[in-house]
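*Asks:* First the structure, which I've put down as structure tokens, then a few questions once you've had a look.
The values are calculated or read from the model by the stated rules, or taken from the named source; none is laboratory data. None of the values given here were measured: they were computed from a predicted structure. With ideal geometry, Cβ positions are generated from the backbone for all residues, glycine too; neighbour counts draw on all protein chains shown.
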Amino acid sequence: MGTWKYGIYDNDVAQDIKEEYIDLLKRGMNSTDATKIVISRNQDILDDIDEAPIFWFVLADIQWEYGILEDAVKNTALNYLNSDDLLDQWECVNPKLAMKRKEVLLSLKEKLLSTNPSPKKISIPKLYQCQWKIGDVYAYPLLSDYAKEKGHQGEYFLFYKIGERTCHPGHIIPVVWAKITKGGRLPTNVDEFNELEFIQTRTTLYEQRFFPFSGNRPIEEQIAEKSKKQYNRDEYGHLPHHQMAIANTSKRIIPKNLVYLGNFKGVTPPAIDNPPTHEMHISLFVWKTLENNLIDRYHFYNLRESQIYSKKL
């Protein structure tokens with residue numbers, strides 16, 4: 001757990017719980033069901049003697065602020081707040097911060113014992129589903145100064161849709177493979193498209209192939225499961241990845257200069273690739289920075305300019 005100050009939300013566990021719970025509310029879920037889901041998803045935190053209090057403090061504080069504090073959540077948080085050894089770890093590390101932490105917890109206790117405010121109206125965002133179809137190909141012109149600096153001005157990125165994933169708070173966005181043109185010539189059919197180079201979006205070092213791990217299952221069990229998977233290594237021993245997701249969260253933010261090339265069937269996949277095991281492991285790009293970021297990925301990975309390519313197998 002990363003902790004940077006003494007406040008209730010000044011650590012990564014608290015931030016994660018807050019975001020997760022509010023996200024469920026904004027998807028239209030009632031507090032009781034949202035609480036059950038957050039509890040079920042974070043059993044590893046609840047089993048940790050140091051992190052469990054944080055979980056209940058955050059959940060109780062958020063529910064109070066929204067005017068929907070549940071008795072079970074309130075009572076569990078108060079039980080921890082009444083504990084005699086709650087500040088022991090803080091006093092060992094930094095007695096001055098322990099005093100400030102004590103003030104924060106006393107303030108939280110007073111809040112939870114006070115009258116709940118009226119329930120807040122929770123704004124449920126309108127969710128968008130990108131209308132690109134599987135097999136659609138779009139061309140994005142490289143016109144920026146950075147593209148010129150890197151020698152790509154006048155070329156195009158090509159995006160070929162292969163699937164979909166969700167994007168906070170529930171938008172459906174396209175998962176694509178990306179390619180780059182040669183000489184600025186756009187392909188007119190699948191054969192010409194297949195001749196172009198895929199852009200590698202990230203890589204995994206072979207020794208890190210089992211990461212990340214879930215906190216809800218034994219690590220040994222996950223290693224055994226992932227050991228059965230086939231990993232495709234490049235000539236440097238790394239695991240290339242080519243999938244990327246584009247945050248098309250509204251029709252308005254999709255660039256107007258995208259060129260639709262058609263729906264191509266029979267596209268040949270990347271020769272060496274390692275598809276993700278979970279959609280959240282797919283590299284996410286936003287249009288505002290996509291051009292520069294993807295140019296960098298092309299130079300880092302395809303052109304082998306990254307330092308990770310200093311030695312071959």
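*Asks:* List, please: which pairs have Cβ atoms under 9 Å, are six or more places apart or on different chains, and start with a residue in region 125-144 that is in the same structural domain as ASN263 (by TED's automatic domain parsing) and under 19 Å from LEU186 (Cβ atoms) and end with one that is in a loop (DSSP other than H, G, I, E, B) and acidic (Asp, Glu)?
*Replies:* Qualifying pairs under 9 Å: PRO141/GLU155; LEU142/GLU155.
*Asks:* Exactly one condition in (1) over 20 Å from LYS102 (Cα atoms); (2) in contact with a strand residue (DSSP E or B) (Cβ under 6 Å, 6 or more places away or on another chain) is not met by ILE68; state its number.
*Replies:* Just one mismatch for ILE68, condition (2).
*Asks:* Which residue pairs have Cβ atoms under 7 Å apart, sit 6 or more places apart or on different chains, and have a first residue in region 268-296 that is free of Cβ contacts under 8 Å to residues at least 40 places away in the same chain and a second that is among the aromatic types (Phe, Trp, Tyr)?
*Replies:* ASN293/PHE285
*Asks:* Where residues in region 255-313 are more than 18 Å from the chain's Cα centre (by Cα) and part of a strand (DSSP E or B), which of them is surrounded by the fewest Cβ atoms within 10 Å (Cβ to Cβ)?
*Replies:* TYR260
*Asks:* A further question follows. For region 264-278, which positions are closer than 17 Å to LEU196 by Cβ, of a type outside the set (D, E, K, R) and in contact with a strand residue (DSSP E or B) (Cβ under 7 Å, 6 or more places away or on another chain)?
*Replies:* Within region 264-278, PHE264, VAL267, PRO270, ILE272 meet the criteria.
*Asks:* Listed residues ASN274, ASN263, ASN248, ASN292; which is of a type outside the set (Phe, Trp, Tyr), in contact with a Pro (Cβ under 7 Å, 6 or more places away or on another chain) and closer than 30 Å to LYS126 by Cβ?
*Replies:* Matching residue, one of ASN274, ASN263, ASN248, ASN292: ASN248.
*Asks:* Among ILE68, ILE45, ILE39, ILE22, which is the only one that is β-branched (Val, Ile, Thr), within 19 Å of ILE122 (Cα to Cα) and in a helix (DSSP H, G or I)?
*Replies:* Criteria check complete, one pass: ILE22.
*Asks:* Tell me which residues, restricted to region 184-220, are aromatic (Phe, Trp, Tyr) and over 32 Å from the mean Cα position of the chain (by Cα).
*Replies:* Those that are aromatic (Phe, Trp, Tyr) and over 32 Å from the mean Cα position of the chain (by Cα): none in region 184-220.
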